[in-house]
1. With N residues in chain A, what two-decimal value do you get for its Cα radius of gyration over 2.2 N^0.38 Å?
2. How crowded by other chains is A:229-242, given as the mean number of beta carbons from other chains within 10 Å of each beta carbon?
3. How large, in Å, is region B:188-306 by the Kirkwood hydrodynamic radius built from its alpha-carbon pairs?
4. Take each of the peptides B:220-232, A:232-244, A:178-190, average the number of other beta-carbon atoms within 10 Å over its residues, and list them starting from the highest.
5. In sequence order, what are the phi-derived ³J(HN,Hα) couplings for region B:252-260 according to the Karplus relation 6.51 cos²θ - 1.76 cosθ + 1.60 with θ = phi - 60°, rounded to whole Hz, with x for glycine and proline?
6. Any idea what diffusion coefficient region A:172-243 gets from Stokes-Einstein, in µm²/s, Kirkwood Rh on alpha carbon pairs, 10 °C, 1.306 mPa s?
7. Assuming a strict under-28 Å limit between Cα atoms, what lysine pair count do you get for region B:302-422 once near-sequence pairs (fewer than 8 apart, same chain) are dropped?
8. Leaving out same-chain residues fewer than 8 places away, which lysines sit with a Cα under 19 Å from that of A:Lys188?
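Please treat every number below as a calculation from the coordinates, not as lab data. Everything numeric in this text was worked out from a predicted model, so none of it was measured. Backbone-built Cβ (ideal geometry, glycine too); neighbour counts: all protein chains shown.
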Amino acid sequence: MGMTRAASFGVSLAFLIALPVSTAHAQIDFGGFGADLTLSISPLYPSPDTVMHVEARSASVDLDALDILWYKNGEKIGGGAGVKEIDVAVGALGSEAVIEARARDGDLEVAGSLVRVVPTEIDLLFESDSYVPPFYKGRAMPSAGTLLHLEAIPRFKRTDGSLVAPDGIIFTWKRGGSVIQSASGRGKASASLESPGLFGTDLISVEARTPDGKFSGSASTRVASTEPRLLLYKDHPLFGVMYHQALVAQNFIPETEMSFAAVPYFAEARGANDGRLVYAWRVNGNDIANDSERPSQITINAERSSGNALIELALSHATNFFMSSFGRWGVTLAGGDRGSGGAEDPFGGPAQ
Amino acid sequence: MTILRYALIALVVLILVGLAWWYFFLSSKGETLRESDAGRGAGLEAPSFGSAIGSTYENILSSLATLAGQTGTEGTTTPPRLLQVSKTPAAGLGFVELGSPSRKASDGQSTSTALRFVERSTGYVLEVSPQSGVVTRLTNTLIPRVYEAEVSRDGRVIERFLDGANGAVVTILGSIPVASTTAGDMLRALTQQRLPDGIRSIAFSPDGKELLYIAPGETGGAAGVRVNADGAKPQKIFSSSIPGWRVDWLRDGRIILVQNASDGVPGYAYELGKGGSLSPLAPPAPGLTLLARPLSSALIFGASSGSSLTLSARLDKKSSVSELPLRTIADKCVWSPSEQFVVFCAVPQRPTPANFLDLRHRGEAHTADAWWRVDMSAGSTKLLYAPGDIMLDVENPAIDDAGAYIAFMNAADKSLWLLRIKE
């Protein structure tokens, strides 16, 4: 698997709103000077029920020389001479906290600032439209040429417990640091983007905010391109394609005849027999003409032969020049006059 | 000289006693092994497909543990603890509540559940009594090459296969009419209701009267549709631009959605709420597999990334997540219905290869599992059953209401197995 783990995992939920003092409702009055004081928080989008770090900075006053008092929702939580930083517990989803810092010189309040923290969460899910066979329980992974479907699931919870609906949220999708304008906009919680190129890895991120700025958050995930994987299975006349038993390098099949189905996992295709897929079969070095309706399948009859077959399959794509897969499987069938060309004994016993 | 003679005689006697003990010891062990092997289907004639019918059902007749109507002592013996119910591939299974008391009496069964399963090659529905191992075929409607099946608690079945013409995934909802008490032949035709093509995942409601399926959405992605079991009143209750979801409808009515998993890639799991809202159940994890406990907020979830395989548990919404000392996936586990916070898990006995989930999904790797019992309230983990040299890659495990039996399929060959939990 070429897919790497999302680098942002663990931080891919994201979260909060931190309003600088410049916003109208965050402005506080302070006596004396109009000295600036800004608060920065880390991480920028802290998770609910975690701890965030808040730091006070000023370009106009020496905070080290002042007493700095810290408040959360009006309650003092710490402070002292030159205490410019503090760790603060973030509340649960749906909570809201106002973190305030006041810098004092004796009885004189020199500067003050506050941030309003509203934890939010965003899940960022992805899956590709690459080919996987029917009943496949895994995820379709992106490969070069396929589309990547993404969905952001925001949880912007109001204090009354209700959630902001996605159609009331503005989403901004980014690949790397570049905004994807066509995918971004109000209510655009989903996006379909080109998958990363061959051997490529893209950092996909989404930022979400409500129009009034009360809620915002972001999430990101690292998506790696996967090489299509070509596997071969028995297509049993009774049981169908044996998707649970991929052929290995060397296989013994106690039948004189058996059909095989190739499955191009994660290829750019709508089905195994998609007309854009080009199958080139060879058996024991001889080219085999494709079945026009089912080029992904081949049937081998070992009557009047030793039963040994080396199956080689090269797979390419008519329009996707990045795609090229090759597989080779040794198969030993029950050759000679044995068997009737019917089904393999599913019990693994000798051919009848 | 006399002393030497007595010593030799004593020695000979001791040797004879020892040999006699060894003989009886081996005999008793051999008998145990023969019973166990017979339960697993060993020693049977290799079945043939050369008959005029060409059906695997005849092979089932020769390979199943015991069949209804057979006479002799086989029907009265207790099956081995691990019973191979069917050597032929199965499509799905489920425990069902048996019907009327007369039905129970006729089968000689003492409990109210039976294991019902669907044969992959024919779509026939069969049933086995866990207590006796007696197997009964219920239907005679041929549905070839059934890849997946579900069984509801009230006995309905879902059979899923590929349309021969266009390759679409076909889903059939089947009901088994009540058998006539006078008819000699118990086989019945499966009453079929075809659901929309292309369904990716489906689950019965707890009472079997409704279905929830995930199908392709009108503009791509996925749509979750809730429908009556007769196909009436379809109601779209969920939509997503992500196509791959697995759906589970718990006995307490909660609907669980788990994104299709892949190694090393974050996966998400949600409880589906009213209006299609999604409430996260567990923190996102790479290769996430999840099993929620009905009637509780407890859950276990597995993560798979590279060569790392972990299983964690959370007993309620307020408690923290704790890692369990088992290296397996949640798909191989079942919650005990009778003991709180007890979970049974099939655990690979050897380290799994890197990217195990993906390899397993594609049929490239299989495990040899042993069953373990984890009591999270007591903090104990015990080996429940090790199948010895039998390679069992457990999938689709199900436990009966009494918590006495676990049924499962072997992913390596799709055979069907039944494990009695108590020795």
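1. 1.52
2. 4
3. Values: mean 1/r = 0.0665 Å⁻¹.
One over the average 1/r among Cα pairs gives 15.0 Å for region B:188-306.
4. A:232-244, B:220-232, A:178-190
5. 8, x, 6, 10, 10, 10, 10, 5, 3
6. D = 104 µm²/s.
7. Lysine pairs meeting the criterion: 10.
8. Within the straight-line limit of under 19 Å, A:Lys188 reaches these lysines: A:Lys157, A:Lys174, A:Lys214.
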